[in-house]
Amino acid sequence: MRDAADRGQLATSLVEAAVGALLILSVVAGFLWVPAGGDAGSGTPALDRTAADALDVLAAEPPAGTGRTRLAAACRSPGSFATERDALERRLRAVLPTGTFGRLDTPHGSVGPSQPANVPVGRDTRTVAGCTLTLRVWSV
C-alpha cells in the first residue's frame with residue numbers, strides 16, 4: 001500500500017514556467033490583434049466625434065456674407081453658398097486635425113475633397129435653418 005507522502009507532486013518551477021509562458025503569449029497576442037494603422041483612436045467613433053466637433057465650430061462662426069452663422073448662410077440659397085464656399089473650405093481645413101480630411105455636403109453644393117474608397121469614415125449631420133448639412137471626415 002502506498003503512503004500519502006509518496007504521492008507525486010507537480011514541481012512549483014514547472015507551474016511557474018507554464019504561467020510565464022501564458023503571460024508572454026497573451027502579450028504577443030495583444031500586439032497581433034491591434035487594428036491596422038496601430039492607432040486605437042482611429043476608429044469610426046473617434047471620427048464621428050471629430051465631425052461633430054468640426055460642425056460645432058463652423059456653426060458658431062459668423063458668415064463671410066450676411067446671415068446669422070456660416071452654416072445658416074450656406075444653407076440659405078445657391079448664391080449665399082457660393083459666397084461662403086471659400087471661407088467654409090479654409091475653415092474646415094483649419095479645424096480638422098493634421099492628416100484628417102472632410103467634405104461638407106449642403107443642398108446647394110459641397111465643400112472639400114471627395115471621399116476615397118475603403119477608408120473608415122466618421123460623419124455628423126446637423127439641421128440648420130431648415131436644411132440638412134452632413135460632414136464626413138476620414139484619415140489617410
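The values are calculated or read from the model by the stated rules, or taken from the named source; none is laboratory data. It should be emphasised that the depicted structure is a prediction, and the values quoted were computed from it without experimental measurement. Neighbour counts are summed over all protein chains in view; Cβ atoms, including those assigned to glycine, are modelled from backbone coordinates with ideal geometry.
Brief remarks on what is shown
- Residues being farther than 19 Å from Val57 by Cα, polar (S, T, N, Q) and touching a helix residue (DSSP H, G or I) at 6+ places or on another chain (Cβ under 7 Å) - total across the stretch 81-118: 0
- Exclusive hit being part of a helix (DSSP H, G or I) and either at pLDDT 90 or above or out of contact with any strand residue (DSSP E or B) (no Cβ under 9 Å at 6 or more places or on another chain) (or both), set Arg126, Arg91, Arg103: Arg91
- For the stretch 1-51, filtered to residues that are polar (S, T, N, Q) and either at pLDDT 65 or above or in a helix (DSSP H, G or I) (or both), the residue that is farthest from the chain's Cα centre (by Cα) is Gln9.
- Selected residue (only one of Pro113, Pro97 is touching a Phe, Trp or Tyr at 6+ places or on another chain (Cβ under 9 Å), surrounded by fewer than 18 Cβ atoms within 10 Å (Cβ to Cβ) and not in a strand (DSSP E or B)): Pro113
- Positions within the stretch 69-123 being over 27 Å from Val140 (Cα atoms) and touching a residue at least 40 places away in the same chain (Cβ under 8 Å), in sequence order: Thr69, Ala72, Ala74, Cys75, Arg76
- Pairs where the first residue, in the stretch 126-139, is loosely packed, with under 15 Cβ neighbours inside 10 Å and the second is of a type outside the set (D, E, K, R) and assigned to a strand (DSSP E or B), C-beta under 9 Å, 6+ apart: Thr127/Leu133; Thr132/Thr106; Thr132/Thr125
- Only one of Thr83, Thr132, Thr66 that is hydroxyl-bearing (Ser, Thr, Tyr) and part of a strand (DSSP E or B): Thr132
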